[in-house]
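Below is one structure, written out as structure tokens; comments come after it.
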Amino acid sequence: YALGALNHMGELTKLGRRMAEFPCDPMMSKMLLASEKYKCAAECLTISAMLSNNASIFYRPKDKIIHADTARKNFFSPGGDHITLMNVYNQWVETDYSSQWCFENYIQHRSMKRARDIRDQLEALMERVEIEVLSNPLDTMNIRKAITAGYFYHTARLSKGGNYKTVKHNQQVMIHPNSSLFEDLPRWVIYHELVFTTKEYMRNTIEIENKWLLEVAPHYYKARELEDSTMKKMPKGRGKAKDELGGDVSVPVVVN
């Protein structure tokens, strides 16, 4: 209902009928449809395919952990993990889907092939709902706005104590240590999913601006909910090293 797919009678809206064409969760479907407005459908297709891939994209052989982590960090992009995943896919396409490139960058070639198959299927469905697949990979703001349009429910903000709390339920969560945003601590983030290991972690996270939430979901958020308790960005170096966090964060259990 909050996504606009159902009316107050519980019936599918026009938007809901278009969303139902996609074999994804409703939030991802909404993101794909929002990409039409923000003229970044090609990028949202890629991000959706990479997020839908249940297998891990990167791998860390025990004897080459430092090399693997360095290779992953080379893909980190301003804006967050969704943009990083998009860049991984786009660079793989530029190599003509090379398995050797995957091997050199500690990326699972099988996972990438699966992402390509998912993307092809989703692109065919975009044509079915008559969305023009425009590409604008450099406009990461619009890409992140499209993601926000689908995943506005998954918003967390940095509190004064240096911890993240979800906006609606005030649940304490943390950025996953593998995230490109782990040491940046942006004020506002949207996460793809929560995983629970030793703590509640947000996996696949992007930085957003709180005003975007009023733009894409004015029916869900009120301005007073989105006021910053402090305008100061947390100082650098507040992120904890993996070994300080304790517990194994490499094998998370997805919490529905």
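The values are calculated or read from the model by the stated rules, or taken from the named source; none is laboratory data. Bear in mind that the values here come from a model prediction, so they are computed numbers and not experimental data. Every residue, glycine as well, gets a Cβ built from its backbone with ideal geometry; the counts of neighbours run over all protein chains shown. When the accessible area is computed, the model is the full protein with side chains, heavy atoms only, and any ligands, DNA or RNA have been set aside. Shrake-Rupley method; radii C 1.70, N 1.55, O 1.52, S 1.80 Å.
Summary of values
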quantity: Out of GLU215, GLU207, sole residue that is modelled with pLDDT of 80 or more, within 22 Å of ASN74 (Cβ to Cβ) and either open to solvent by 60 Å² or more (accessible area, probe 1.4 Å) or of a type in the set (D, E, K, R) (or both); calculated: GLU207
quantity: Neighbours by Cβ (under 8 Å, 6+ apart or cross-chain): first from the stretch 106-124, free of Cβ contacts under 8 Å to residues at least 60 places away in the same chain; second open to solvent by 70 Å² or more (accessible area, probe 1.4 Å) and in a helix (DSSP H, G or I); calculated: TYR106/LYS64; TYR106/HIS67; HIS109/PHE103
quantity: Residues of the stretch 181-228 that turn out to be in a strand (DSSP E or B) and within 17 Å of LEU158 (Cβ to Cβ), as a count; calculated: 11
quantity: Qualifying residues in the stretch 75-103 (those that are at pLDDT 95 or above and open to solvent by 70 Å² or more (accessible area, probe 1.4 Å)) - the one nearest to TYR59 (Cα to Cα); calculated: PHE103
quantity: Qualifying positions in the stretch 146-167 - in contact (Cβ under 8 Å) with a residue 40 or more places away in the chain and open to solvent by 10 Å² or more (accessible area, probe 1.4 Å); calculated: TYR153, HIS154, ARG157, SER159, LYS160, GLY162, VAL167
quantity: Among the candidates GLY10, GLY16, residue that is at positive phi and open to solvent by less than 60 Å² (accessible area, probe 1.4 Å); calculated: GLY10
quantity: Residue match in the stretch 41-51 (condition: surrounded by fewer than 17 Cβ atoms within 10 Å (Cβ to Cβ) and either at negative phi or without any contact (Cβ under 8 Å) to a residue 12 or more places away in the chain (or both)); calculated: no
quantity: Residue list for the stretch 182-191, filter: touching a strand residue (DSSP E or B) at 6+ places or on another chain (Cβ under 7 Å) and surrounded by fewer than 22 Cβ atoms within 10 Å (Cβ to Cβ); calculated: PHE182, LEU185, PRO186, ARG187, TRP188
